[in-house]
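Colleague: Structure provided below as structure tokens; questions to follow.
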Amino acid sequence: MTTPDSPSTGKHFSFIILGLFLLILLTYGNTVSAPFNFDDEVVISHEIASSGDRFYQLYPPQYRNLFYLSLAVNYNWGQLNPEGYHLFNLALHFFTAVTVLLIAFFTLDRGTSVGRKAAVSISGIVAFLFALNPVHSETVTYISARATGMAAWFYFLSLLFFILGSLKVSRFRLLSPVCYRSEERRVGKECRSRWS
């Protein structure tokens, strides 16, 4: 069983993750000091600042509760200073790129015969292309588009948890409550034998 924790793979993963961090910081770092765009200030100053504790309450459910909760947390930490909001978006984009890296690695490592070293290299290229794709510029730089970044990260996390659960590896037992588990191992064996 190959995992990203084996010594040589782990070292390559560390370099790729560090490279992703530096690449995202280099690409989008200049937006940290940028002012609010479009309706950012209106959303934050009118909806968040004037709402009190409304977005911290779980009941009754609010419209786009996680999005507004993230803005409310940012507002509590930095009021109307846009730097904290931009840093949150950068961190969200970084974690999404790392999730894409892991999805690509596990898919290539377990689903193909390219080998571990090639799987790490290809998954690194996929993550770099994802991180640099210009379609993400609005999600990273426009604070009110944070909902799109959050939706993408949760989507990719659910896919990663499905993949990890289907691997049935004992080291992922902590994640077992959120991972997919099939009823019978026979089904997984039949699928693997069919595709090999």
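The values are calculated or read from the model by the stated rules, or taken from the named source; none is laboratory data. Keep in mind it's a predicted model, so treat the numbers as computed, not measured. We work out accessible area using only protein heavy atoms, side chains counted, and drop any ligands, DNA or RNA first. Shrake-Rupley method; radii C 1.70, N 1.55, O 1.52, S 1.80 Å.
Colleague: Could you compute how much accessible surface residue 39 exposes when probed at 1.4 Å, giving the result in Å² to the nearest 10?
Modeller: Taking all protein chains as shown, residue 39 has close to 60 Å².
Colleague: While we're looking at this one, here's another question. Using the C-alpha gyration tensor of the stretch 80-173, what are the square roots of 5 times its eigenvalues, in whole angstrom, with the largest one first?
Modeller: Here the semi-axes work out to 29, 15, 10 Å.
Colleague: Residue-wise, which Karplus ³J(HN,Hα) couplings in Hz belong to the stretch 131-144, taking 6.51 cos²θ - 1.76 cosθ + 1.60, θ = phi - 60°, and x for glycine or proline?
Modeller: So the Karplus estimates, Gly and Pro as x, are 5, 8, 4, x, 5, 8, 4, 5, 5, 7, 8, 9, 4, 5 Hz.
Colleague: Solvent-accessible area of residue 80, probe 1.4 Å, all protein chains present, reported in Å² to the nearest ten, please.
Modeller: Ignoring ligands and nucleic acids, residue 80 comes out at about 80 Å².
Colleague: Translational D (Stokes-Einstein, µm²/s) of the stretch 64-130 at 4 °C and 1.567 mPa s when Rh comes from the Kirkwood sum over C-alpha pairs? Each step should come with its number before you reach the end.
Modeller: On the way: Rh = 13.9 Å.
Estimated via Stokes-Einstein, D reaches 93 µm²/s.
Colleague: At a probe radius of 1.4 Å, what is the per-residue accessible area of residue 158, in Å² to the nearest 10?
Modeller: Approximately 70 Å² for this residue.
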